[in-house]
């Protein structure tokens, strides 16, 4: 099996998403609050994973822009759950060696007095393994 | 005789009512939805036509599982037939259970004429369940057994 | 009514008032909150990956403790509620998760999602009742125009969270009415505040919060209420010209006349 | 011993590709009683049927087994073939080796083995078949049409024109249905009222048509040719004979704050009302939920002003029973409720409306007298966004999995008409796919784009956010431009999915007509019998069978009428001979069978029997009326003494099949 194929299967297994259910209506990207921050938008994640163009996604900052707010999951008419797929791509990267997006040593300078613990915990959970 | 689970292919007799389930079975064929060949369908006008005798006969002659399919409750072509089926079979199956024919070897399922996918899924599931149980020997009439 | 209560990390620290007011209001309403003896952090975000088990265990421990106490599990922080409710749902519906979790924790009695997870707002609506709450209000917040802010975690995915209509919720609005104030309808009440990007990319969170804050203000809101410490932080720190933001429990305590009890 | 012929069909490659038909024929030839076996490419073709006929004659066959497609497909064909060769048609059995064998299995060896077993089961059954002769029953030469929309009206008119009496049962106070609410119709843009209302009048005036308006079907008994239907005429509190439809009562009624359902609640009507000016019958109806007199006993103003003396506050629902030979279902559709889709803010802003509401807003008889005005402030909207597929093509529980079919075209119509009447308006249509398969349909859509400048945007709207300034911020995907589009609109129109009317499900139960999982009525065959229900004597007209536009609805309505006429011209119907019968020698008169019979086909008679000791005795025994029995077989299982059996599906026949399968 090629690396791309293996990666794709890994992402589909982690996320539990079947991208073939997508009917390419774009409602996810129409709903997405992070749209402007992204190079690749939710509907493109679905199409590109199905297409095997995963390297482009892994190299893009778009990965870190999804807020996991589940607006796309809620509104998708085909129950594709794009946010789950994006998380799958993220994890496919983070779980590789030395691919943590956030490192423990990066955190202290980002802190301020008002920042709730929750922000640190969840950012660390989202960006690192 | 040791039954090898991988090779064992249970014999399933399926009674299907003419109006809903038989049509559902036809639809799963039209849609090319696969289910194992060891399912053999007998057409009856209504699920309530199935006499407990037929079920017993099937087990006696070596069937490993028997399934009845009818219209959904409330949708019976003959208005009330499937309600009789439900009650009769509940009774029969618990008696069979008492005789040692496991509950999972018998089933009543409602499949409408539009549910080709459900028919195939039901048969796949039922065959898998009966396969796990292995060969049925409880009621088998050894005189009927192939030598 | 007695609940097992899961406060979560932030409520013991930066969001102490969310917790404080909730406890005092509950006491006034005759609801007992028994904090779970040994709770652990829920992780802040729900582990979406199908194969993640370890990250769900702390939630399961809390859920199991409530089950063993024979109580429903009360939550307050939106994030904790989201995580606990979804992990519980996994335990109810996903056989693979069930098996793995129970193999790992090996409890005396396997856990399969028996605990009911209930948010403080749901408790007010479904157990206390907003009509009843209204009767117990001593300081109605008359004339105060409040914008409810739900954020994303309380409502979505609605199939699991099942708190309210995910696109047109009413629970906070009804709460605001019950404490005598006027709810302000605005379209961004269920839009994300930016959540955990607050630390990594505050300028990005700013955009989200500005949109929310400006929308609420344009409809005449004088204040925003939330149930989430992170939303609170974002809306206060990352919005230009921010409206005052309160935890809903603070206004509840104020209306019930227990806000100033403790100095 | 029977002399059985076995005929194995290839069905082109449908069967032959996965079943070794030669081997099946060869193997079955050695079964006991089989004297002839053959295979042929298309058994149902004329040549195939001749093969069967010749074999019956040449080999003196007494039974025939056809291994082919489903008996639901060609059982009737092959029975006719047998009859033509002088064999009783009920000596034919089908082994279903296509739908239930070749189409579901891939392995040729497996499929061939199964085909042989299915063939054996059919042979085993035929051994025990007996010639049957169907009884005859008379046909009541009158039809019932349920639903008085364009489908029901067209069906009724066609049947009436052929000379048969028809009754229309309509639950609303007037016939006309959804089409009466529409403004213009695509793709010709002729006015709906102009083409519908003459038909409504034709129906009302036709000597063969009787309209039961404001009525519902209560109970259905009987069977094809002989239905007995109870109709509930709901109390209007107005005598329809006396009422002249002058409308004075509706003007004088002091209760004027009743949401007007004809205008979808966008304006109010009075408690006594006539739905619209062209209503048929044009008779007032009192709405008891709002009528002051009905609620408090005081008022009675309508009664005072009615010169015809038609008002009767004591009127009660009335039940009438009528006999019919055929029933046509024409219950139509409704747009779905949009509770599950409030990302489009339908519940949050009055300026987010459905397409049907838009239809009323542009209709000269609507709440704004045909001027397009925003519901919130009565101002002219300058930017209008149409959203397609709201609830259609939606997986999971929220919406409908199917395409609602009519939305693409009516949205193009709305967009075009808006641009024509208000050229200063910007019109945007968010679409997933534009589906225009119909005569002149795509041309129509292209005109909307090319001539009228409607902006079509490929993508779906994700959120509609009502703004403080009264506009609606529409945020959606523009997939072609790969951007997220944000538009400030004054009006948003949602193309809500359509679903069968809620009355269809309980009606299907009363008719024992089957429905699909979406509550659309199922047709007897999706291609070849599209206007008949699988239940004999029940016919389908219009959107109750699936989403349809007006031209399709009218075609299907006329097709259903043709089928009904074909039935009603017959004087007698051949019944189903596969009915129950009781062996009087075994019957002990216990009444078990009588109790389970859903048709009341079983009665008890006292009969004189010669006993073994040569005395005679009177015994009470069951007797089946073959004209009433439908052949379900419930009685055969209920019978404790085994006296009751079913022709064509006898105990011994089914057991023989079981034995053959389990061999």
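Semi-axes, largest first, in whole Å: what does sqrt of 5 times each Cα gyration tensor eigenvalue give for the protein assembly as shown? Could the numbers behind the result be given before it?
Details: eigenvalues 681, 364, 184 Å².
Rounded to whole Å, the semi-axes are 58, 43, 30.
Counting only DSSP beta bridges with both residues in the protein assembly as shown, what percent are antiparallel, rounded to the nearest 5?
Among the beta bridges of the protein assembly as shown, antiparallel pairing accounts for roughly 40 percent.
Taking square-rooted eigenvalues a ≥ b ≥ c of the alpha carbon gyration tensor, is chain D rounded, prolate or oblate, where a/c under 1.5 means rounded and, failing that, a/b exceeding b/c means prolate?
Oblate, since a/c reaches 1.5 and b/c is not below a/b.
Please give the average number of partner chain Cβ atoms lying within 10 Å of the Cβ of each residue in B:76-86, rounded to a whole number.
If you average over the peptide's residues, the count of other-chain Cβ atoms is 5.
With a ≥ b ≥ c taken as the square roots of the eigenvalues of the C-alpha gyration tensor of the range D:243-283, please select rounded if a/c is under 1.5 and otherwise prolate if a/b is larger than b/c or oblate if it is not?
Details: a/c = 3.00, a/b = 1.26, b/c = 2.38.
Oblate shape, in that a/c is at least 1.5 and b/c is the bigger or equal ratio.
Can you compute the helix-only [θ] at 222 nm over chain D? Use -39500 (n - 2.57) per DSSP H run of at least 4 residues, normalise by all residues, nearest 500 deg cm²/dmol.
-8000 deg cm²/dmol
Could you tell me the center-to-center distance, by alpha carbons, between the range D:53-115 and the range A:64-89 in angstrom?
Answer, in whole Å: 53.
Within the range D:66-80, whose backbone N sits under 18 Å from a point 7 Å along Cα→Cβ of residue D:47?
Label zone hits: none.
State the Cα centre-to-centre distance between the range C:186-202 and the range C:146-173 in whole Å.
15
Can you tell me the 0 to 90 degree angle between the C-alpha axis of helix A:42-51 and the longest principal axis of chain A, rounded to 10?
Between the helix axis and the principal axis of chain A, the angle is about 60 degrees.
Could you work out the relative contact order of the range D:473-616, using alpha carbon pairs under 8 angstrom and six or more residues apart, expressed as a whole percent?
Relative contact order for the range D:473-616 comes out at 11 percent.
List D:477, D:355 from most exposed to least, where exposure is judged by having the fewest other Cβ atoms within 10 Å.
Ranking D:477, D:355 by Cβ neighbours within 10 Å, fewest first, gives D:355, D:477.
Among DSSP beta bridges lying fully in chain D, give the percent that are antiparallel, nearest 5. Each step should come with its number before you reach the end.
Values: 55 of 103 bridges.
If we restrict to bridges inside chain D, about 55 percent are antiparallel.
For the range D:592-648, what relative contact order do you get, as a whole percent, if you take Cα pairs closer than 8 Å and at least 6 residues apart?
36
Principal axis lengths of chain C from Cα atoms, whole Å, largest first?
55, 42, 34
How high is the relative contact order of the range C:17-127? Use alpha-carbon pairs under 8 Å, at least six apart in sequence, and give a whole percent.
Relative contact order of the range C:17-127: 27 percent.
In nanometres, what is the gap between the two model label sites at residue D:195 and residue D:337, each 7 Å from Cα along Cα-to-Cβ?
Taking the two extended label points, one gets 3.4 nm.
Calculate the spin-label point distance for residue D:59 paired with residue C:145, positioning each point 7 Å from the Cα along the beta-carbon direction, and give it in nanometres.
That separation, rounded to one decimal, is 9.2 nm.
With a 10 Å Cβ neighbour count serving as the proxy for reagent exposure, in which order, fewest first, do D:650, A:15 appear?
Fewest-to-most ranking of D:650, A:15: D:650, A:15.
Measure nothing but the geometry: give the 0 to 90° angle between the long axis through the Cα atoms of D:71-84 and the longest principal axis through the Cα atoms of chain D, rounded to 10°.
50
Using 7 Å Cα-to-Cβ label points, what is the residue C:109/residue B:95 separation (nm, one decimal)?
3.9
Quick check on the range D:334-499: take the gyration tensor over C-alpha atoms, sort the square-rooted eigenvalues as a ≥ b ≥ c, and tell me if it's rounded (a/c under 1.5), prolate or oblate.
rounded
For a footprinting-style exposure proxy, rank D:105, A:101 by other Cβ within 10 Å, fewest first. It would help to have the intermediate numbers written out before the result.
Working: D:105 22, A:101 18.
Ascending Cβ contact count within 10 Å gives the list A:101, D:105.
Place the peptides A:43-49, C:225-231, B:131-137, D:77-83 in order of packing, highest mean first, counting for every residue the other Cβ atoms within 10 Å and averaging per peptide.
C:225-231, A:43-49, D:77-83, B:131-137
Report, in degrees rounded to the nearest 10, the 0 to 90 angle that the Cα long axis of helix D:108-127 makes with the longest principal axis of chain D.
70
Rounded to whole Å, give me the distance from the Cα center of the range C:1-66 to that of the range D:544-606.
Distance between centres, Cα-based: 64 Å.
Laboratory data are not the source of any read-out in this text; all were calculated from the coordinates shown. Given the structure is predicted, the values throughout are model-derived calculations rather than measurements. A quick note on method: Cβ atoms are made from the backbone with ideal geometry, for glycine too, and the neighbour counts reach across all protein chains shown.
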